[in-house]
1. Within the bounds of the range 134-147, is there any residue that is within 23 Å of A88 (Cα to Cα), hydroxyl-bearing (S, T, Y) and in contact with a strand residue (DSSP E or B) (Cβ under 7 Å, 6 or more places away or on another chain)?
2. Would the range 197-216 turn up any residue that is in a strand (DSSP E or B) and among the acidic types (D, E)?
3. Being surrounded by 14 or more Cβ atoms within 10 Å (Cβ to Cβ), more than 26 Å from A29 (Cβ to Cβ) and of a type in the set (S, T, N, Q) is the filter here; which residues of the range 59-117 pass it?
4. Kindly indicate whether A174 is hydrophobic (A, V, I, L, M, F, W, C), touching a residue at least 12 places away in the same chain (Cβ under 8 Å) and either part of a helix (DSSP H, G or I) or out of contact with any Pro (no Cβ under 6 Å at 6 or more places or on another chain) (or both).
5. Consider only pairs whose beta carbons are under 6 Å apart and that are at least six residues apart or on different chains; among these, list those whose first residue lies in the range 92-120 and is farther than 21 Å from F137 by Cα and whose second residue is assigned to a helix (DSSP H, G or I) and not small (G, A, S).
6. Suppose we filter the range 54-91 for residues that are at pLDDT below 95 and within 29 Å of R5 (Cα to Cα); how many remain?
7. Would you check if there is a residue in the range 83-94 being in contact with a Cys (Cβ under 8 Å, 6 or more places away or on another chain) and farther than 26 Å from E216 by Cβ?
Amino acid sequence: MDGIRYKRISLKLSGEVLAGKGDALDFSAVGKIARQLRLLWENGVEIGVTVGGGNIWRGRSAGEMDRNRADHIGMLATIINSLALQDALEKLDVPSVVLSSVEVPRFCENYTSRGALAALAQKKVLIFAAGSGLPFFSTDTAAALKAAEIKADALLLAKNVNGVYSSDPNLDPAAVRYERLTCKEVVEQGLRATDLTAVTLCMEQRIPILVFSMKEDGAILRAVRGENVGTLIES
């Protein structure tokens, strides 16, 4: 494959991209993502995937439930999604490992940065479960942390919207999509690209962030090639 820009990536998949109509998990959608990852893996791209859990549970929408407990449920939801993605990859003969930030040894291995780097050296796709292992932090921030720890070339945020806009495009028909931004511009303008913790961490570590939509075919491949598929945020 020609034109690969990012050789090692930290990819955040929102849980919603794994869902179907009326189903928390759509295995055809999971399989489609797995096939994109296989193509990258076959061409030598080193991959770490942080999976969200929003298709099953959203802790911030848990009403009067204690936020700490609600986020714990969300972490469990990401483990479910991670195991589903691993199963899809294994069906394609792609070696992978689920690394969890909370201890669930019956289901997957515990995350350490050393273990993650060793698995990359063994040509395995890394699937990061349970976010950061801590409440009050989003899975976007977890993906940024993993990007720093595995020394990724870029943080790729696969969303339901094709980039960062000046305002909510669902509410404002005049909203403008940005092709390029700096981390400082995102913070100063209060743009809702991702949470500010993730942006600040990537700014300090000089890790570019690419926000793009999973709705288009081959979106992950195009993102890894550095094509104009969304919004590039750089230090």
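1. Yes, the range 134-147 contains a residue that is within 23 Å of A88 (Cα to Cα), hydroxyl-bearing (S, T, Y) and in contact with a strand residue (DSSP E or B) (Cβ under 7 Å, 6 or more places away or on another chain).
2. no
3. The answer is N110, S113.
4. no
5. L92/R38; V94/R38; V94/W41; S96/Q86; S96/L89
6. 0
7. Yes, that holds for at least one residue.
Here's the yes/no breakdown for (1) in a loop (DSSP other than H, G, I, E, B); (2) touching a strand residue (DSSP E or B) at 6+ places or on another chain (Cβ under 8 Å):
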position: S28; (1), (2): no, yes
position: G31; (1), (2): no, no
position: I56; (1), (2): yes, no
position: A70; (1), (2): no, no
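The values are calculated or read from the model by the stated rules, or taken from the named source; none is laboratory data. Computed from a predicted model, the values in this text were never measured in an experiment. Reconstructed Cβ throughout: ideal geometry from the backbone, glycine too, with neighbour counts over all protein chains shown.
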